[in-house]
């Protein structure tokens, strides 16, 4: 592999901070925005319809990924997007006192999502081209850990700060969120400044001749994708394995925050930041690691249905919470934390099977990386409609009925896990890798 003009700094200097910076904006839009709007008095329907649709930006990023190589370097795009994200967060903070802040904020979040997805594309490009395979493997775990540290910063720290400022009695809800969102902007700006000095350029390959050449290459990879054996069965798995998750992803945290009088758990922002942020994310990291070890021991084909059960059965925790809570008998913080932790642990343990299936069964071939990007885009895209309807549905039927519906929505996930096709023989692939010394 060719090297860039300047020596590449040691990955420990820039990989953790780079993926920390990638985790913040995604988490702020997907999870923290809903918490903020709920705290400011918006209904679940308003929140999920507006925020879930923004997730489309991360799902469609393969459509413009190849065009980014036509202008400047990956380092240029990463730095530009980090400073743009800082400005957008500060803009959102300043917009909160406005009468029409909801519409203005949602509009800026759309721009923020496209900036974040562009940062993701080019940051991954730097990682892949600046490091050899040995270092890529050595730091792949660091990627995931520090992306989740970025998520922890957003979901736990930012929410905790907003709650603490309000509980002090010196700040209104809007003032507290202005400071909290402003802090996220300042953090992105500091990360951008730091990366000015340490971020490598990555390998600058041959630039596409024009947009037509990029489009032709993209079209070739798309045709190859749809020629794969048993593709439709595999895509059914990608579309339906997370059939219930879309309903829970945004709505479950809103339920934890909703007042007791509305059938919710009634957590304060500080409590929510601790349970749905700090504890849940820590458990998710452990669950993901254990899930990977389980599949490594038993094989993906034998594990897949078990992993689907682990993803979906813990949804019963939210059924229990919604049925047992009432204004007259609020649940203890220990009970809530325990059940939410069980749900997060089960989901994170089983979810790794989804990623591995796409990586090992659908993606392999000439366009392995591109086809994996297609799969992850489709996987996230199908969550958008279920996330969008989750709020209006919960508003219409109430939390007790809503979480029962979630359990029925998990049935397609179990069916596709049981019947998922395996066109690639796992044992043959392992033997080939052993023969090649990989």
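Tabulated data for the structure shown
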item: Residue list for region 290-308, restricted to those being farther than 14 Å from residue 354 by Cα and either under 19 Å from the mean Cα position of the chain (by Cα) or in contact (Cβ under 8 Å) with a residue 40 or more places away in the chain (or both); result: 290
item: Flag if residue 121 is under 15 Å from the mean Cα position of the chain (by Cα) and part of a helix (DSSP H, G or I); result: yes
item: Criterion: surrounded by fewer than 20 Cβ atoms within 10 Å (Cβ to Cβ), outside any helix (DSSP H, G or I), in the same structural domain as residue 305 (by TED's automatic domain parsing) and at pLDDT 90 or above - qualifying residue of 421, 412; result: 421
item: Subset of region 338-368 (residues that are in contact (Cβ under 8 Å) with a residue 24 or more places away in the chain, farther than 24 Å from residue 314 by Cα and part of a helix (DSSP H, G or I)); result: 360, 361, 362
item: Filter pass, residue 164 being over 23 Å from the mean Cα position of the chain (by Cα), part of a helix (DSSP H, G or I), within 26 Å of residue 278 (Cα to Cα) and modelled with pLDDT of 85 or more; result: yes
item: Number of positions in region 316-337 that are under 17 Å from residue 398 (Cβ atoms) and assigned to a helix (DSSP H, G or I); result: 7
item: Answer from 438, 370 - the residue that is modelled with pLDDT under 80, more than 30 Å from residue 321 (Cβ to Cβ) and not assigned by TED's automatic domain parsing to the domain that holds residue 310; result: 438
item: Members of region 66-76 that are in a helix (DSSP H, G or I) and surrounded by fewer than 21 Cβ atoms within 10 Å (Cβ to Cβ); result: 66, 67, 68, 69, 70, 76
item: Boolean, residue 85 is surrounded by fewer than 19 Cβ atoms within 10 Å (Cβ to Cβ), at pLDDT 95 or above and closer than 27 Å to residue 173 by Cβ; result: no
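Results for (1) under 30 Å from residue 129 (Cβ atoms); (2) crowded, with 24+ Cβ neighbours inside 10 Å, shown as yes or no for each residue.
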{"site": "17", "(1), (2)": "yes, no"}
{"site": "20", "(1), (2)": "yes, no"}
{"site": "24", "(1), (2)": "yes, yes"}
{"site": "27", "(1), (2)": "yes, yes"}
{"site": "40", "(1), (2)": "no, no"}
{"site": "46", "(1), (2)": "no, no"}
{"site": "57", "(1), (2)": "yes, no"}
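The values are calculated or read from the model by the stated rules, or taken from the named source; none is laboratory data. Given the structure is predicted, the values throughout are model-derived calculations rather than measurements. Please note: Cβ atoms are built from the backbone with ideal geometry, for glycine as well, and neighbour counts cover all protein chains shown.
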